[in-house]
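Taking it in order: structure first as structure tokens, then the write-up.
The values are calculated or read from the model by the stated rules, or taken from the named source; none is laboratory data. Model, not experiment: these values are computed from the prediction. Note that we place each Cβ from the backbone using ideal geometry, even for glycine, and neighbour counts take in every protein chain shown.
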Ligand SMILES: [Zn+2]
């Protein structure tokens, strides 16, 4: 009998020690990055990552629905805010967090509440032809910044995405921010209490001071990929040059964008009428015009051939 109890105890303790020993291994299996444990592996380790409402997506402008009831997007505190920021590196991206008492928020535009800014972070690529997470009609952009907001009333997040577009000349408005970013190379580097004018990170407003944007329901673009994010993606990108993008070349993270995910049954709406229809019309008109020119050349060639044959006869 005693032997049985000893055996049982041994068995229990063996199992216990085995579990403890395996803990680091199982913890390691949840490790993710953009290299060996990159986006292709995430859905095998994090259940949410294989959901049907994942982000980022490709915004196909011809499929976007104009919603006249989408009222203005209110970004409060994004301009003229007198606050300091902490800039850190979490091993995946550079994270910029406002000091606690700062009131920077996003509201309106059918958002259910006023969402307060938690932080913003950056997605970049290996070269200047990639880096953004969202794409527009299949086009990639070299950089995308995500401003992440939450609210106390529910568990959803409201994310504001801003795309950056490659231009031949520097955007001097970004210089101060990029100087700071260039110093945040890895998890050992951080800067505290830094003044940043985030209005310079947004596209310039139009004459009516309103922002044009796309809206859809999606997820975190990093594990655990929770599908609890209301996405607002600004239409106009901010210019940035190849020289300015070099600040990311020395970062310990070489690239950090997740590939686009399927839309499934979701729809993207917008507070404006995307112009792809006109572009398509232009494209169709060009095609028709080109076809017409080709037809004219063919007729001229046939007539010339007939005329030469006639002369030979
Ligand atoms: Zn992000």
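Here are the numbers:
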quantity: Filter result for residue 112 (in a strand (DSSP E or B), in contact (Cβ under 8 Å) with a residue 40 or more places away in the chain and away from the ligand (no atom under 14 Å from the Cβ)); calculated: no
quantity: Sole exception among (1) more than 22 Å from the chain's Cα centre (by Cα); (2) more than 30 Å from residue 255 (Cα to Cα); (3) loosely packed, with under 13 Cβ neighbours inside 10 Å for residue 66, by number; calculated: (1)
quantity: Extreme residue, nearest to the chain's Cα centre (by Cα), among residues of the range 116-163 that are more than 19 Å from residue 222 (Cβ to Cβ) and assigned to a strand (DSSP E or B); calculated: 136
quantity: Single residue of 161, 131 found to be within 16 Å of the ligand (Cβ to nearest atom) and at positive phi; calculated: 131
quantity: Residue 121 within 16 Å of the ligand (Cβ to nearest atom), within 23 Å of residue 261 (Cα to Cα), in contact (Cβ under 8 Å) with a residue 24 or more places away in the chain and surrounded by fewer than 19 Cβ atoms within 10 Å (Cβ to Cβ); calculated: no
quantity: Test result for residue 227, touching a residue at least 60 places away in the same chain (Cβ under 8 Å) and in contact with a strand residue (DSSP E or B) (Cβ under 6 Å, 6 or more places away or on another chain); calculated: no
quantity: Lone qualifier among 136, 94 - being within 15 Å of the ligand (Cβ to nearest atom), touching a strand residue (DSSP E or B) at 6+ places or on another chain (Cβ under 8 Å) and modelled with pLDDT of 95 or more; calculated: 94
quantity: Pairs with Cβ under 7 Å, 6+ apart, first in the range 139-153 and closer than 25 Å to residue 246 by Cα and within 13 Å of the ligand (Cβ to nearest atom), second at pLDDT 95 or above and assigned to a loop (DSSP other than H, G, I, E, B); calculated: 143/131; 143/132; 144/131; 144/132; 144/133; 144/134
quantity: The range 180-190: number of residues that are in contact with a helix residue (DSSP H, G or I) (Cβ under 6 Å, 6 or more places away or on another chain) and buried (at least 17 other Cβ atoms within 10 Å of the Cβ); calculated: 1
quantity: Some residue of the range 66-76 being within 16 Å of the ligand (Cβ to nearest atom) and either assigned to a strand (DSSP E or B) or closer than 14 Å to residue 258 by Cα (or both); calculated: no
quantity: Hey, residue 201 within 16 Å of the ligand (Cβ to nearest atom), surrounded by 14 or more Cβ atoms within 10 Å (Cβ to Cβ) and over 23 Å from residue 54 (Cβ atoms) or not; calculated: yes
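Results for (1) at pLDDT below 95; (2) more than 16 Å from the ligand (Cβ to nearest atom); (3) touching a helix residue (DSSP H, G or I) at 6+ places or on another chain (Cβ under 6 Å); (4) under 23 Å from residue 256 (Cβ atoms), shown as yes or no for each residue.
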residue: 165; (1), (2), (3), (4): no, yes, no, yes
residue: 169; (1), (2), (3), (4): no, yes, no, no
residue: 178; (1), (2), (3), (4): no, yes, yes, yes
residue: 197; (1), (2), (3), (4): yes, yes, no, no
residue: 219; (1), (2), (3), (4): no, no, no, yes
residue: 222; (1), (2), (3), (4): no, no, no, yes
residue: 226; (1), (2), (3), (4): no, no, yes, yes
residue: 235; (1), (2), (3), (4): no, yes, no, no
